[in-house]
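Data first, discussion second: the structure below is written as structure tokens.
The values are calculated or read from the model by the stated rules, or taken from the named source; none is laboratory data. No experiment lies behind these values; they were computed from the predicted model shown. With ideal geometry, Cβ positions are generated from the backbone for all residues, glycine too; neighbour counts draw on all protein chains shown. Heads up: the accessible areas ignore ligands, DNA and RNA and are worked out on the full protein's heavy atoms, side chains in. Shrake-Rupley method; radii C 1.70, N 1.55, O 1.52, S 1.80 Å.
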Amino acid sequence: MYSGAAAVATAGPPRQDFISVTLGPEEAVGAAGYNNSKAWRRRSCWRKWKQLSRLQRSVILFLFAFLAVCGVISYTSMGEAWKSLTNKSLDDQRTEQEIPGLKLANPAVLPAPQKADANHGDYPELSLQKQPKPPHVRRGPSNLQIKAPWRDTRLKTRHSTIRAVEELVQADKEEKTEKSIISWRGAVIEPDQSTEPPSSKIKEPEKPSSVEAEAQKEPVPINERQLAVIKAFRHAWRGYKDFAWGHDELKPLSKSYSEWFGLGLTLIDALDTMWILGLKEEFEEARKWVANDLVFDKNVDVNLFESTIRILGGLLSTYHLSGDSLFLEKAKDIGNRLMPAFKTPSKIPYSDVNIGRGTAHPPRWTSDSTVAEVTSIQLEFRELSRLTGDEKFQKAVDEVMKHVHTLSGKNDGLVPMFINTNSGQFTHLGVYTLGARADSYYEYLLKQWIQGGKKENELLEDYMRAIEGVKKHLLQRSAPKKLTFVGELAHGHFSAKMDHLVCFLPGTLALGAHNGLAADHMKLAEALIETCYQMYAQVETGLSPEIVHFNLHAQKGHKDVEIKPADRHNLLRPETVESLFYMYRFTGDKKYQDWGWEILQNFNKYTRVPTGGYTSINNVQNPSNPEPRDKMESFFLGETLKYMFLLFSDDIDLINLDKYVFNTEAHPLPIWVPA
Ligand code: DMJ
């Protein structure tokens, strides 16, 4: 086509406005009379050519030559372009038809799951050709959409790095695993290795203004330590998949499972971890299970707190990260089914709910609920209200907080461990701890305040008062290392006992300081995280027991940390790693990463089961026989490994702490941006 046009241009007559030729009358008549004679035309042209001056002839010849050269060049280049265009599109078609896997090999990224219903195996963003943008990649109602800033560009690039490096080392690593195992008691484990009440109005978040700018930033590549976390996660997942798929918890030694609620607890708890780690295939497989097999219409009693933080929290955060409405639908379902728990005389919820029957009750032996449990479900229910536009969830949990705010029985902001669902009063007064049964009350005071845009001042007041209470009543220093620790108070008597659970506190204090609270909170955080690290470092396996007792006086041959036989188990808990993550994010001090790295290596050394999974152990003091318990808690995947991965990352936008707040099960939920 284009070459044809060039030919016409070359063969055309000389332009009359350039060469002026004056014909005599005879020629003019002749021209009219012999219009169709070729011979005449040739002769006449030749005569005219002869009449031209030498200069005119040269100009004409030059023009002809120039046009001819242009024509040839255009023809060649257009021909090439056309040929390559045609070939490329043919090649692409062939590639996609014959080797579909190739689509995944190059830009191996984790795209947002597209739809709650169909075609979840398809990854339009992965194909070589541009696909039309799917209309349903949204997070709920448009006014509620908060885009995870790193979800698009940053996450994609990170994930391609993960896959590439991981596959290279995979074969080698699996081989090593099988070679280096030891066994005991039939178990085989690998060595080495201001006062404004909370608004009852539903908050509407705004899209963070920096979303677009952040999408432009250079992604931070995955490093070796993060890769080691991915490897650990995949190993744990392999065990769960092989022996416990769809059940609550893996029993890695007996290659079996245990049920608690019968709701695939580990799978749900691990969803957003898989998303953050970039484990696309695993995520998709789990997503299918959620879509096809997760049914809440079951005659089963669940614990309100545990199912809220693990299931509701896990579904909500996965919804936010992936944008997949399936997870929001499931979150709504479980949220509604948990609501009967709040139908109590005091509105302090019961501990247990039958999610199939819609009935709720306290434990058999008491009408009390645990304080931490009724005050650590707020982040999740408040977020559910915000997403659904249904106030009832938020109202129910806000009421609990308002009520607890007014209660007597606190000691300088420290709360007892139990609350009665009939009277609404604290019970078992006089015992104060930051450990089991009270811990996350303190955590959620701060985190709700952050979630709501730092406006709910009663929450802040209660938090600040409680930290003063901790300083006044519970802080002591050990001997010989002078480690600052948080003990317990029982009826005026101080006990130098500290649960591993208390190790959430340095992270929470650091988060508060980051959000503008007292600078001395950060100092305390630094001291406490050192103590939590020593709870690992001073133990034979390098793993912390469930509970330690600190020595207050130096004794020859004694360390700071003492462990009672009943307390020397380790359940793969996350709290220390969680706090290490916050400390590293806010200080940039690499020692926190190094401490976390030591802990990961010790988990690999003493709790990894070669056939898949990790196990809780009974004895952190016996490296030659840590006595595996044959249970992998769901929070190992939901929390411990997620915090490890984040700790080793130098990307502050990988769950940016100014945009997300983690629930107590490590599920990130968006901070509501103030209007
Ligand atoms: C998790 O379920 C949560 O972190 C909870 O707040 C405390 N216990 C476990 C982890 O140790």
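Scanning the stretch 359-370 for residues that are away from the ligand (no atom under 13 Å from the Cβ) and open to solvent by less than 50 Å² (accessible area, probe 1.4 Å) yields Ala360, Pro362, Pro363, Thr366, Ser367, Asp368, Ser369.
If only residues of the stretch 632-675 that are part of a loop (DSSP other than H, G, I, E, B) and within 13 Å of the ligand (Cβ to nearest atom) are counted, the one that is farthest from Asn602 (Cα to Cα) is Asn663. Considering each residue of the stretch 216-230 in turn, at least one proves to be surrounded by fewer than 19 Cβ atoms within 10 Å (Cβ to Cβ), assigned to a helix (DSSP H, G or I) and at pLDDT below 95. Scanning the stretch 568-580 for residues that are assigned to a helix (DSSP H, G or I) and more than 15 Å from the ligand (Cβ to nearest atom) turns up nothing. Looking at this structure, is Met583 of a type in the set (A, V, I, L, M), crowded, with 24+ Cβ neighbours inside 10 Å and more than 16 Å from the ligand (Cβ to nearest atom)? The answer is yes for Met583. Taken over the stretch 620-631, the criterion of being closer than 27 Å to Glu373 by Cα and either within 14 Å of the ligand (Cβ to nearest atom) or not in a loop (DSSP other than H, G, I, E, B) (or both) is satisfied by Lys631 alone. Scanning the stretch 523-567 for residues that are assigned to a helix (DSSP H, G or I) and of a type outside the set (A, V, I, L, M) returns Lys523, Glu526, Glu530, Thr531, Cys532, Tyr533, Gln534, Tyr536, Pro565, Asp567. For first residues located in the stretch 238-251 and under 18 Å from Ser616 (Cβ atoms) and open to solvent by 10 Å² or more (accessible area, probe 1.4 Å), partners that are part of a helix (DSSP H, G or I) and of a type in the set (Ser, Thr, Tyr) and lie 6+ apart or on another chain with Cβ distances below 9 Å form the pairs His247/Tyr240; His247/Thr266.
Of all residues in the stretch 288-318, exactly one satisfies the criterion of being within 14 Å of the ligand (Cβ to nearest atom) and among the aromatic types (Phe, Trp, Tyr), namely Phe305. Among the residues of the stretch 217-232, the ones that are more than 13 Å from Ile276 (Cα to Cα) and among the aliphatic types (A, V, I, L, M) come to 3 in all. For the stretch 616-639, state whether one or more residues are closer than 15 Å to Tyr582 by Cβ and surrounded by 22 or more Cβ atoms within 10 Å (Cβ to Cβ). Looking through the stretch 616-639, at least one residue is closer than 15 Å to Tyr582 by Cβ and surrounded by 22 or more Cβ atoms within 10 Å (Cβ to Cβ). Of the strands (runs of 3 or more DSSP E) lying entirely inside the stretch 246-364, those carrying at least 1 residues that are within 30 Å of Ala232 (Cα to Cα) are 249-251, 256-258, 301-303. Yes or no: the stretch 594-612 includes at least one residue that is within 16 Å of the ligand (Cβ to nearest atom), open to solvent by less than 30 Å² (accessible area, probe 1.4 Å), touching a strand residue (DSSP E or B) at 6+ places or on another chain (Cβ under 8 Å) and at negative phi. Yes, that holds for at least one residue.
Assess whether Thr359 counts as being over 16 Å from Leu445 (Cβ atoms) and hydroxyl-bearing (Ser, Thr, Tyr). Yes, satisfied.
Can you name the residue in the stretch 492-511 that is among the small types (Gly, Ala, Ser) and closer than 18 Å to Asp589 by Cα and, of all such residues, is nearest to the ligand (Cβ to nearest atom)? Among them, the one singled out is Gly507.
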